[in-house]
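In what follows, a structure is listed as structure tokens, so that the remarks can point back to it.
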Amino acid sequence: MKTSPSSEFGKQARRDDNDWLTVLAMLCIFSFHCARFFNHEDWHVKNNQLSEGMTLFVSIVVQWIMPLFFVLSGISSYYSLNSRNTGRYLVNRWRRLAIPFLFGTFILLVPVQVWIERSSHGQFAGTFLEFYPRYFQGFYAFGGNFAWMGLHLWYLQILFVFTFLTLPIFIFLKRARIQELIAGAAGFFAKNGALFLFGIPLFLMELLVNLQPKGAGFRAFGGWSLLTYLVVYVTGFLIAFDSRCREALERLRFTSLALGLVTTSLMFVFRIDLAPLGDFGKYIVTFFFRSFNSWFWLMAILGFGSKYLNFNNELLKYAREAVLPFYILHQTVIVTFGFYMAHWETSVMVKYITLAALSFAVIIAMYDLLIKRVKVLRFLFGMK
């Protein structure tokens, strides 16, 4: 069997559509976290008036936003391993993921959020400087304050862990014989909509982890199990192997979008929610819809991105470098503004637009005027 030139490990150049989608995903998670200030679910700080519309928006976006980050990260890992040896790959991950996570979790960004949460929930009265020593007392989510998972920075922590968990698998996949098998599999999955079958591992993992909803099925990290994210991450790496998968995603983009819209509608019409194991039929249907709905959206997003976003310009060059600092800063800034806006007497939409506009402007200003210009800050925020 001959491998397709497009499937040989290390032969493909980095694609700009993946970077565009990462930037757009960042803007979406920014909008999502602004909406969390208004939806009917507890958060670090809440507005004095909640919104059904924001609750609906959050419920729809949570289905695919963090899986999108992980599938894009899997694709990026493929290109990163192409351009570096194993040692440089791990050093790059330490610099890009672990350093910002440790800085944000221990020094400033996450402690500020915990202080605001405790203050807004009536659990602490005092300044941040008075609270900071107490930040290290006990573990967050277990009655204490120390946010060991980094709050929104948990994504960096988990992605760093995935780096080590998957590296032996990814190195194994570099073997010539394995690449031949992957090329053959890619030929199958690129035909007749077979890429939809990648939703099956997601479905099976969701069924499995929900057997332990307080263990492996714990969903406090973006609405999905960490093991489900691992499946999505590896899937992203695999579909980057062969350009025929990208071509198939492009061909299926409208079908994927239609299926995503239909399954989203059905989930709300029939009120499909996380079901208990006792009702086995509903249990299967719930996780079938949830898993495949997410995969349909991922296929649609990747397909449209591949078709229309594989180009470079000055905006992408700027955004590509800014996206990680933006991610690191965004939730802390949103929570801070939300804390001081919570009791304004005005409509939800006016507050949402104000919160988003102020937060975006401050984040860009902090990045452009300070972070990208100071070497120490560039290092702490994962930049070159």
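The values are calculated or read from the model by the stated rules, or taken from the named source; none is laboratory data. Owing to the predicted nature of the structure, the values given are computational and were not obtained by experimental measurement. We place every Cβ from the backbone using ideal geometry, glycine too, and count neighbours over all the protein chains shown.
Figure legend. Inter-residue proximity from segment 187-204: first residues more than 15 Å from residue 255 (Cα to Cα), second residues modelled with pLDDT under 95 and not in a helix (DSSP H, G or I), beta-carbon distance below 9 Å, spacing 6+ or different chains. Indicated pairs: 187/4; 187/242; 189/242. Residues considered: 258, 216. Of these, the only one that is assigned to a loop (DSSP other than H, G, I, E, B), surrounded by fewer than 17 Cβ atoms within 10 Å (Cβ to Cβ) and touching a helix residue (DSSP H, G or I) at 6+ places or on another chain (Cβ under 9 Å) is 216. Confirm whether residue 39 is crowded, with 19+ Cβ neighbours inside 10 Å, over 20 Å from residue 150 (Cα atoms) and without any contact (Cβ under 8 Å) to a residue 24 or more places away in the chain. Yes. A single entry from 81, 90, 72, 50 fulfils the requirement of being farther than 16 Å from residue 154 by Cα and in contact with a Ser or Thr (Cβ under 6 Å, 6 or more places away or on another chain): 72. Residue 216 - would you say it is under 27 Å from residue 153 (Cα atoms), aliphatic (A, V, I, L, M) and without any contact (Cβ under 8 Å) to a residue 12 or more places away in the chain? Yes; evaluated as a whole, the condition is true for this residue.
Residue-by-condition table, conditions (1) part of a loop (DSSP other than H, G, I, E, B); (2) aliphatic (A, V, I, L, M):
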position	(1), (2)
282	no, no
286	no, no
298	no, yes
325	no, no
330	no, no
333	no, yes
344	yes, no
349	no, yes
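When the criteria are applied in full, residue 292 meets the requirement of being part of a helix (DSSP H, G or I), touching a residue at least 60 places away in the same chain (Cβ under 8 Å) and either over 30 Å from residue 95 (Cβ atoms) or of a type in the set (Gly, Ala, Ser) (or both). One residue stands out among those in segment 275-295 that are at pLDDT below 90 and among the hydroxyl-bearing types (Ser, Thr, Tyr): the one that is farthest from residue 263 (Cα to Cα), which is 283.
Residues that are among the β-branched types (Val, Ile, Thr) number at least 1 in the following helices (runs of 4 or more DSSP H) confined to segment 59-142: 65-83, 86-93, 99-106, 109-120. Contact map, segment 361-384: first residue in contact (Cβ under 8 Å) with a residue 24 or more places away in the chain, second residue small (Gly, Ala, Ser) and part of a helix (DSSP H, G or I), Cβ cut-off under 7 Å, separation 6 or more or different chains; pairs are 367/322. Number of residues in segment 171-215 that are at pLDDT 85 or above, of a type in the set (D, E, K, R) and more than 19 Å from residue 242 (Cβ to Cβ): the value is 1.
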